[in-house]
Amino acid sequence: MAALSIGTHFSPSCRFKNRSLHAPSVYSLPSFGTSLYRIRAPRLLSNGVIARAEDKARGSSSPSQRQVQPNNEEQIKGLSSESGTCDPLCSVDETSSLEFEDAYQPKTDLLKTIAVFTAALTGTLAINLTWVTDHQDIAMALLFGIGYAGIIFEESLAFNKSGVGLLMAVSLWVVRSIGAPSSDIAVSELTHASAEVSEIVFFLLGAMTIVEIVDAHQGFKLVTDNITTRKPRTLIWVGFVTFFLSSILDNLTSTIVMVSLLRKLVPPSEYRKLLGAVVVIAANAGGAWTPIGDVTTTMLWIHGQISTLQTMKGLIIPSLVSLTVPLALMSLTSEVNGKGQDSPNILASQQMAPRGQLVFCVGIGALVFVPVFKALTGLPPFMGMLFGLGVLWILTDAIHYGESERQKLKVPQALSRIDTQGALFFLGILLSVSCLESAGLLRELANYLDAHIPSVELIASAIGVVSAIIDNVPLVAATMGMYDLTSFPQDSEFWQLVAYCAGTGGSMLVIGSAAGVAYMGMEKIDFFWYFRKVSGFAFAGYAAGIAAYLAVNNLHISLPSTLAQVPFLSGS
């Protein structure tokens, strides 16, 4: 799934400007991320996005290995003198600041500052003009276009996309309050939109915290320990492990876990790069067929466009096809047919935290229980997620009672490591899209598309293609605003295709999903290498999945009546 960006928490372990020397540290795995597009790997590293994944991929989590050994003191001193200011306890963020100072350009920063103040002044003056009232649609379209451009080019502008998204959302609602028949109407619309958006944000925060707790206890080691083969023909099917792991967690978390595993099983080579690409495709495909596997399917599920059983039944075959086709084609390449190389098994050096198996089972059970909770109680899914978080919170407090040295394994510490800025980005984007929906702009766009593209299959397919370039979250949010349940009822072909296409379309480009960007940073993958070696296979799988869905849907395959009568499966 397109997932949230990884948080920026760092443990006080040694981090150095020279990447060849690492002191492994604890890092957190995020959940439910959004596509991070047009961001180069160095940007990710400087923000702490991939640094923790690399540290964990290269090192152990045992306490003895988190400290710098005495025989490394000379290296540390040499490194400190080489960098000039970096001491053994400096963080990646501090080192990145030093690197930034070296490339600091006062003239460029002055121009950016002038541009920001000019934009703010222009907006202030525009609010006092009657033009905004008379041309609300144009003003909102311009604001959204400028804001979204700032999000896309955050690398060049050096503006965090979360801040841009929040500023865009507030500006749009200010314009809406001016252009609405009355401010009370705008407030009522904002209250309704906030209620819907908060459900998604609370859901994501709960899910991220649960996954963070499981990872802090080394719970994912139960999965990775069972993959020890180094045979090329066998190892490529690691994609299926990623596929099912992503359906429960999310595409970004699954990608980091599996790519870290590959780094320990396979030496650097073209073959390992292809295996990492398989992981990306599998992670995106796996998140598309369950309501909790991708943030876009979660959005559709929470708002009632899709239900649990029908989504799983209708999309598992297309999702499997979108993975199987690239796997089959890649298995014929010379890189995969070559001989695998053995590498030392260093998985055994990682130690699972006490009661890690218990926390893993309870955490995964809490995630899987969310659809069951919704069907049994009728309450929104975020309530089920918060219920699972509460159970895990009490459990970890109980099993680590009196263990002051294990505070990092408890929920309060996990909350400091989750990606809150990613959640704020979702908040800004979803509030912005809901404002456009309230003003009627999205309905006008839907009418235009209906008039020029009468086929819903083509519209959904186009959303998937565009999601390879543009973030899939606002695309799906805009689609939900353009078409309501009266146009397309729950579990209709259109909504299921949107869920599939938005989830798997990002695999066609390495920048098209959070999983792809994480993989690009961890393996130092070039955009054009992925485009030459993988994009064609990913597109073939994407198209084959759409064809498989249409074929299965036309056959009207239904579950046996006995299975359909299971209470929590028959409901939404």
Task: For segment 401-445, diffusion coefficient by Stokes-Einstein and Kirkwood Rh (Cα), 25 °C, 0.890 mPa s, µm²/s - done: 181
TODO: Can you tell me the order of 523-529, 401-407 when each peptide is scored by its average per-residue count of other Cβ atoms within 10 angstrom, highest first?
DONE: 523-529, 401-407
- [ ] Go through 486-499, 203-216 and give me the packing order, highest mean Cβ count within 10 Å leading.
- [x] 203-216, 486-499
Open item on the list: Please give me the summed charge of the neighbours of Met385: other residues whose Cβ is under 11 Å from its Cβ, Lys and Arg +1, Asp and Glu -1.
Closed with: 0
Open item on the list: Rounded to the nearest 10 Å², what accessible area does Lys313 have for a 1.4 Å probe in the complete protein model?
Closed with: 60
Open item on the list: Please report the net charge: other residues with Cβ closer than 12 Å to the Cβ of His217, K and R +1, D and E -1.
Closed with: +3
Task: Per-peptide average of other Cβ atoms within 10 Å, ordering 184-190, 244-250 highest first - done: 244-250, 184-190
TODO: Determine the sum of side-chain charges near Met168: Lys and Arg each +1, Asp and Glu each -1, restricted to other residues whose C-beta is under 14 angstrom from that of Met168.
DONE: 0
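The values are calculated or read from the model by the stated rules, or taken from the named source; none is laboratory data. All values reported here derive from a predicted model rather than from experimental measurement. Counting neighbours? That spans all protein chains shown, and the Cβs are built from the backbone with ideal geometry, glycine included. Please note that ligands, DNA and RNA were not included when accessible areas were found on the heavy atoms of the full protein model with its side chains. Shrake-Rupley method; radii C 1.70, N 1.55, O 1.52, S 1.80 Å.
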